[in-house]
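Novice: Got a structure for you, questions after.
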Amino acid sequence: MLTSVMASFGHGETLYDQFFDQYYFPLNPTTATASGIHKYDGKLEDYSRAGMENRSAALQSWLIALNTMPEPQDAVGKADRQLVLSYLRASQLEVDTIRMWERDPDHYSSGITSSAFTIMSRTFASPEDRLASLIEREKAMPKVLQDARLNLKNPPKIYTEIAIAQMEGNISFFEHDVPLAFNKVSASKKRGAKLLDDFKQSNAAVMAALRDYGQWLKSDLLPRSNGDFRLGADNYAKKLLYEEMVDIPLDRLLEIGYADLRANQKKFAEVAGKIDAKKMPREILTQLELDHPKADGVLEAFRATLDGLRQFITEKKIVTIPSQVPPILEETPPFMRALTFASMDTPGPYERQAKEAYFNVTLAEKDWSAERVEDFLRGFHRGTILSTAIHEAYPGHYVQFQWMQQVPSKVRKLLGANSNAEGWAHYSEQMMLDEGYGGDDPKVRLGQLQDALLRDARYIIGIEMHTGKRSFDDAITFFEKEGYQTHETAVRETKRGTSDATYLYYTLGKLQIMKLREDYRKLKGPAFTLEEFHNRFMQQGFPPIKIVREALLGDSSPTL
């Protein structure tokens, strides 16, 4: 591997091309499909122990190659090299040290479901061609679930419980959603008939394998799932350093998180007082949570916000919107529903055919009790619907995705940081209201502040749970009491934090962007405009804020 890597040593972009073509896409075919690279559509990741060992060896070879490569002289080249090195180090930490492939059973079952979803979700090729690719992927899926049985070593109980909870949705996805996606393949044509016959067999095999896996999880793995989900302080700090380029000590990060939590709680109380000064802030919130759409009206409530957001952004010159085509609103895919309320699924930067973007919203399940549905819907009151639409669509993830098409660097198109992408979306929630959206309506502001408190709670809980300072049950209570969340949301968020350890990146990125904006304002003086700052931010791709600061300010000053 190293000999092949070194063959193009010293040729800058050629070496990066080699990295993506020889390592990144071949070993991550699902990512390749999602990115718009379709030569690997019939392939599936190698989940076996040998596959993990090969991946580890490849990572080490690329680290040696990049570390040996002469330092680029231009600023963009230096930043791109930093990005690739950080990706390699983060991946090596994951494969060799954190080892979720030994600890998380859902990594396998939801992983293969995601691989199928990338094939069926966009019409980047004919239904027949995409079905042919899906069949090849499906043929490899039963082995993945066999590999899981060999790989999993004493997972945390909560991980196994989440995998079991997701299983019914995964099976239903293959049973109903996947066949429906290919209903235009004609059985009256020779190729279509052959494909449909092969698909019937491969799809049935996947569902049978998932059912067997689900039963194995319940009867075999769950009773012996006694592992610890906590990363520990050392691994947590390394993960932050490699993925977000943040080297601030964890104790100091906690101080920053608690300070933001208290500031938002104080602001919440002030705004709630404008609605009814005689009631406690939590009482006001309880009233607001009752102002939610019916279960069958959630998607329409989100849809109704999008036109007004686009118009406001344009009129107030917030940021340039490259395209006026809106995202498509739909229900969250089954394999994602256990851990997320809403998400944006955009086409990859190299997708040339299927340009659709999907705004996914998790809806109440049909078999839930009326009480559980009501508790769930309280998380979708008017203020949070607006805040979520800003975050996911305008000017959040969807607008940032549109700008990604203009980023010239392949590295910047494909590699980045959650503290940038999620930080930008979370920053946008407050920024839009600060700029006047919502007309200073206190109910709208409380929705934004409730979402800010949710992210503050994630910030604190992620660090404290994974460093042993707070238990799982205490984390649920913290989300409810300090983060002002419903019990349903608190449980979901705490479960997510066991595996998404560094989900502090929302608040972390937001605070970094706000500091960058003020530092940039000082640098530009009277020439500063919000639109110019936001456009320049977008032009960088989505790297860690440290890299954006260097590009906009010309220095390496602290991000916080």
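To keep it simple, each residue is scored yes or no on (1) under 25 Å from the mean Cα position of the chain (by Cα); (2) open to solvent by less than 30 Å² (accessible area, probe 1.4 Å); (3) modelled with pLDDT of 95 or more.
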site	(1), (2), (3)
Thr68	no, no, no
Ala75	no, no, no
Arg99	yes, no, yes
Asp104	yes, yes, yes
Arg122	yes, yes, no
Asp129	no, no, yes
Lys139	no, no, yes
Val144	yes, yes, yes
Leu150	no, no, yes
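Novice: Let me ask something else about it. Just name the residue that is nearest to Ala165 (Cα to Cα) out of those in the stretch 356-383 that are open to solvent by less than 10 Å² (accessible area, probe 1.4 Å) and of a type in the set (Gly, Ala, Ser).
Specialist: Ala357
Novice: When you check Gly462 against the structure, is it modelled with pLDDT of 95 or more, open to solvent by less than 10 Å² (accessible area, probe 1.4 Å) and assigned to a helix (DSSP H, G or I), yes or no?
Specialist: Yes: the conditions hold for Gly462.
Novice: Taking Glu102, is it part of a helix (DSSP H, G or I), out of contact with any Cys (no Cβ under 6 Å at 6 or more places or on another chain) and either more than 25 Å from Tyr242 (Cβ to Cβ) or without any contact (Cβ under 8 Å) to a residue 60 or more places away in the chain (or both)?
Specialist: In short, yes.
Novice: Being modelled with pLDDT of 95 or more, out of contact with any Leu (no Cβ under 9 Å at 6 or more places or on another chain) and at negative phi is the filter here, so list the residues in the stretch 434-448 that pass it.
Specialist: Across the stretch 434-448, the qualifying residue is only Asp434.
Novice: What's the number of the condition Asp17 fails, among (1) surrounded by 19 or more Cβ atoms within 10 Å (Cβ to Cβ); (2) assigned to a helix (DSSP H, G or I)?
Specialist: In the conditions (1) surrounded by 19 or more Cβ atoms within 10 Å (Cβ to Cβ); (2) assigned to a helix (DSSP H, G or I), Asp17 misses (1) alone.
Novice: Among the residues of the stretch 106-120, count how many are surrounded by fewer than 21 Cβ atoms within 10 Å (Cβ to Cβ) and within 21 Å of Ser186 (Cβ to Cβ).
Specialist: Selection size over the stretch 106-120: 1.
Novice: Oh, and also: Give me the residue from the stretch 36-59 that is within 24 Å of the chain's Cα centre (by Cα), of a type in the set (A, V, I, L, M, F, W, C) and assigned to a helix (DSSP H, G or I) and, out of that set, surrounded by the fewest Cβ atoms within 10 Å (Cβ to Cβ).
Specialist: Met52
Novice: Kindly establish whether Asp212 is open to solvent by 30 Å² or more (accessible area, probe 1.4 Å), within 30 Å of Thr502 (Cα to Cα) and acidic (Asp, Glu). Reasoning before the result, please.
Specialist: On the way: open to solvent by 30 Å² or more (accessible area, probe 1.4 Å): yes; within 30 Å of Thr502 (Cα to Cα): no; acidic (Asp, Glu): yes.
No, not satisfied.
Novice: In the stretch 435-482, what count of residues is obtained for those that are free of Cβ contacts under 8 Å to residues at least 40 places away in the same chain, within 21 Å of Asp375 (Cβ to Cβ) and of a type outside the set (A, V, I, L, M, F, W, C)?
Specialist: Counting residues in the stretch 435-482 that are free of Cβ contacts under 8 Å to residues at least 40 places away in the same chain, within 21 Å of Asp375 (Cβ to Cβ) and of a type outside the set (A, V, I, L, M, F, W, C) gives 5.
Novice: Tell me, please, whether a residue that is surrounded by fewer than 22 Cβ atoms within 10 Å (Cβ to Cβ), among the hydroxyl-bearing types (Ser, Thr, Tyr) and under 30 Å from Leu222 (Cβ atoms) can be found in the stretch 78-95.
Specialist: no
Novice: Output yes when any residue across the stretch 180-188 is within 30 Å of the chain's Cα centre (by Cα) and open to solvent by less than 100 Å² (accessible area, probe 1.4 Å), and no when none is.
Specialist: So far as the stretch 180-188 goes, yes, one or more of its residues are within 30 Å of the chain's Cα centre (by Cα) and open to solvent by less than 100 Å² (accessible area, probe 1.4 Å).
The values are calculated or read from the model by the stated rules, or taken from the named source; none is laboratory data. Just so we're clear, the structure is a prediction, and the values are computed from it rather than from any experiment. Note that each Cβ is placed from the backbone with ideal geometry, even for glycine, and that neighbours are counted across all protein chains shown. For accessibility, only protein heavy atoms count, side chains too; no ligands or nucleic acids. Shrake-Rupley method; radii C 1.70, N 1.55, O 1.52, S 1.80 Å.
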